[in-house]
Amino acid sequence: MRYARRREPAHRPVNPMPKPNTALIDSRSLRWVPLLLAVCLNGCSYYGQLAAGQLELLRQREPIEQLIADESRDAVLRQRLAEVLQARRFASRALALPDNRSYRLYAELGRPYVVWNLFATEEFSVKPLEHCFPIAGCVAYRGYFRQGAARGEAARLRLTGLDTHVAGVEAYSTLGWFADPLLSSMLHRNDEHLAALIFHELAHQQLYLPGDTAFNESYASFVEREGLRQWRSHRQLPQQDEQSSMRYRQLVALLLDTRERLDRLYASGRPATELRALKRAAFVELRQRYRTLRDEQWGGDARFDRWFAQPLNNATLLPFGLYDRWVTAFAVLFEQSGRDWPRFHAAVAALAKLPADEREARLGRLAG
């Protein structure tokens, strides 16, 4: 599942709810339906809502080519989906990403996000409470298909003294178990960023190492960024202005620095009352440092003000760094692979087979 910053979708199709296309629950998907239904019958359990949400997505899928050919459908949506198919073909032909039915289907959700991820930490810890799943391994969050369910669980955890954070997610990957559709929640992005997101999610299908979020997300993020650079070149477009990316990297560095400071504070052995006061002061300082960065270096660029307007705690810091930690290492590995995508993917797969300590040491050497 991919974490995403909260943004309202820029485009809502005129035809909001196409009829469910149950025929698109294909033979491979059907093998999993009895299991999903069995899980759904298990009351209102966490796994039950996951199964029900996934079944809903399966039912809503429709072929993009069929939608484009239907002149009764919204013209803007059809044009955007035509662009998606071009990027989808490029992903497999040029980036050596899986050539399957994923992102050749479309699903209208009628909501801004497909799932909401719930992050949680102890009051005096910046380490996530991890959750382990049969296929994905251990991850730093739990996903909910209904915002109310995520917020309800967050409220329950706060009553036990935990820090929590709920964040909307625009896309996620089933890692090839199902044909993942392009979701209406992804359409608020412009065409290029939408292509980048497809590259990212297909990279998860190409290779996913259960239990190592930083490895998986850094690999997919590198594929996304280099893939977008090559996609722009393929279309003879100028490369992106680096200013926006640079500012985001500066923001991430600021948040990671705060997280490291808090980590040292929590390890200091101070009394809980003192830790609590110093923790509050650390988040006040974080806001002050952000305002200084915004006003003195960014010329008043306020794009992150909304994020800083929310209550801040340990859990709000968790998503940052997951997508960036090893991107530099994968960039070096790509160069060592002669900028050849099949060789690069094979080299990443070889890294994934190493023991965790050896893999991290190797990535550290690559990153310099």
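Every number in this text was worked out from the coordinates using simple rules, so none of it is lab data. All figures in this text were calculated on a predicted structure; none of them were measured in a lab. Cβ atoms come from the backbone with ideal geometry, glycine included; neighbour counts cover every protein chain shown.
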Next item on the list: For region 155-224 and region 70-142, compute the distance between their C-alpha centroids and round to whole Å.
Entry: 6 Å
Margin query: Show me, for region 249-256, the HN-Hα J-couplings you get by feeding each phi into the Karplus relation (A = 6.51, B = -1.76, C = 1.60, θ = phi - 60°), rounded to Hz, glycine and proline as x.
Written below: 4, 5, 4, 4, 4, 4, 5, 5
Notebook entry, point to check: Over the chain, what is the relative contact order in whole percent, taking alpha-carbon pairs under 8 Å and six or more residues apart?
Noted result: 18 percent
Margin query: Using Cβ counts within 10 Å as a stand-in for footprinting exposure, how do Ser173, Ser218, Ser45 rank, fewest first?
Written below: Ser45, Ser173, Ser218
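Determine the dipole magnitude for the chain: charges of +1 sit on the beta-carbon of Lys and Arg, -1 on that of Asp and Glu, nothing else is charged, the reference point is the Cα centre, and the result goes in debye to the nearest 20.
Dipole about the Cα centre, nearest 20: 340 debye.
In the chain, what % of DSSP beta bridges are antiparallel (nearest 5)?
90 percent
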Next item on the list: Towards the positive end of the charge dipole of the chain, with charges on Cβ (+1 Lys, Arg; -1 Asp, Glu), say which of His188, Tyr266, Ser244 has the farthest Cα.
Entry: Tyr266
Item checked: Computed helical MRE - 222 nm, the chain, DSSP H runs ≥ 4 contributing -39500 (n - 2.57), nearest 500 -> -17000 deg cm²/dmol
Checklist line | Size of electric dipole in region 22-234: Cβ of Lys, Arg +1 and of Asp, Glu -1, about Cα centre, debye, nearest 20 | finding: 200 debye
Next item on the list: Neighbouring Cβ atoms within 10 Å as the yardstick, rank Thr316, Thr328 fewest first.
Entry: Thr328, Thr316
Next item on the list: Sort Val126, Val332 so the one with the fewest other Cβ atoms within 10 Å of its own Cβ comes first.
Entry: Val332, Val126
Notebook entry, point to check: If you compute Cα Rg over 2.2 N^0.38 Å for the structure shown, which of [x] 1.02; [y] 2.68; [z] 0.97 do you land on?
Noted result: [x]
Checklist line | Residue (of Asn314, Tyr103, Val169) at the positive-pole extreme of the chain, dipole from beta-carbon charges | finding: Asn314
Notebook entry, point to check: Which is farthest toward the positive dipole end of the chain among Leu157, Phe304, Gln288, measuring Cα position about the Cα centre, with Cβ charges +1 (Lys, Arg) and -1 (Asp, Glu)?
Noted result: Leu157
